[in-house]
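K.L.:
I'd like to ask some things about the structure below.
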Amino acid sequence: MMKVAVGGGGPAGLTAAETAAAEGAQVDLYDARPSVGRNFLLAGKDGLNLTHAEPLETFLSRYGSRWAQLAPIVRSFGPDAIREWASRLGVQTFIGTSRRIFPADMKAAPLLRT
């Protein structure tokens, strides 16, 4: 069995751990804070904004001069893919009037626990 160590319990580290575990790896997750996902929970305090539902080119323009560098990454895991990922975890989403995508219950904790 492959063993993987992931440093950092924020969204990127949790995603890396989820991906490695899905491939059958034994994952050890390390974070400097007493519990993983703490910043994730704080970000969701007033409603967790997962992404935007605007046209992809408009979204990419938010990255300023780095848009071309980041475009392949964003295109590979865009808004629809993020909504599908949340749905596979049992978390339904909705598009708010701001065109931002939120979990239906507006809470970060259920997504983090899953």
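The values are calculated or read from the model by the stated rules, or taken from the named source; none is laboratory data. Keep in mind that this is a model prediction, so the values were computed, not measured. When we count neighbours, we look across all protein chains shown, and the Cβ atoms used for this are built from the backbone with ideal geometry, even at glycine.
K.L.:
What pairs can you find where one residue is in segment 78-89 and more than 14 Å from PHE102 (Cβ to Cβ), the other is surrounded by 12 or more Cβ atoms within 10 Å (Cβ to Cβ), and their Cβ atoms are less than 7 Å apart, with a gap of 6+ or different chains?
P.N.:
Partner pairs satisfying both residue conditions: GLY78/LEU56; LEU89/LEU111.
Listed here are the residues, each with its yes/no results for (1) farther than 21 Å from GLY10 by Cβ; (2) exposed (fewer than 13 other Cβ atoms within 10 Å of the Cβ); (3) out of contact with any strand residue (DSSP E or B) (no Cβ under 8 Å at 6 or more places or on another chain); (4) among the small types (Gly, Ala, Ser).
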{"site": "ARG75", "(1), (2), (3), (4)": "yes, yes, yes, no"}
{"site": "PRO79", "(1), (2), (3), (4)": "no, no, no, no"}
{"site": "ILE95", "(1), (2), (3), (4)": "yes, no, no, no"}
{"site": "ARG113", "(1), (2), (3), (4)": "no, yes, yes, no"}
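K.L.:
Taking the condition of being of a type in the set (A, V, I, L, M, F, W, C), loosely packed, with under 14 Cβ neighbours inside 10 Å and modelled with pLDDT of 80 or more, how many residues in segment 28-42 meet it?
P.N.:
1
K.L.:
Also, I was wondering about something else. Kindly provide the set of residues from segment 20-42 that are out of contact with any Gly (no Cβ under 6 Å at 6 or more places or on another chain) and either in a helix (DSSP H, G or I) or in the same structural domain as ASP105 (by TED's automatic domain parsing) (or both), ordered by number.
P.N.:
Within segment 20-42, ALA20, ALA21, ALA22, ARG38, PHE40, LEU41, LEU42 meet the criteria.
K.L.:
Moving on to the next point. Of all residues in segment 43-60, how many are within 18 Å of PRO79 (Cα to Cα) and loosely packed, with under 14 Cβ neighbours inside 10 Å?
P.N.:
Residues meeting the conditions: 3.
K.L.:
One residue is enough: does segment 81-88 have a residue meeting the conditions touching a helix residue (DSSP H, G or I) at 6+ places or on another chain (Cβ under 8 Å), surrounded by 11 or more Cβ atoms within 10 Å (Cβ to Cβ) and of a type in the set (Phe, Trp, Tyr)?
P.N.:
So far as segment 81-88 goes, no, none of its residues is touching a helix residue (DSSP H, G or I) at 6+ places or on another chain (Cβ under 8 Å), surrounded by 11 or more Cβ atoms within 10 Å (Cβ to Cβ) and of a type in the set (Phe, Trp, Tyr).
K.L.:
Of the conditions (1) crowded, with 16+ Cβ neighbours inside 10 Å; (2) within 28 Å of SER35 (Cα to Cα); (3) touching a Pro at 6+ places or on another chain (Cβ under 8 Å), LYS107 fails just one. Which one is it?
P.N.:
Of the numbered conditions (1) crowded, with 16+ Cβ neighbours inside 10 Å; (2) within 28 Å of SER35 (Cα to Cα); (3) touching a Pro at 6+ places or on another chain (Cβ under 8 Å), the odd one out for LYS107 is (3).
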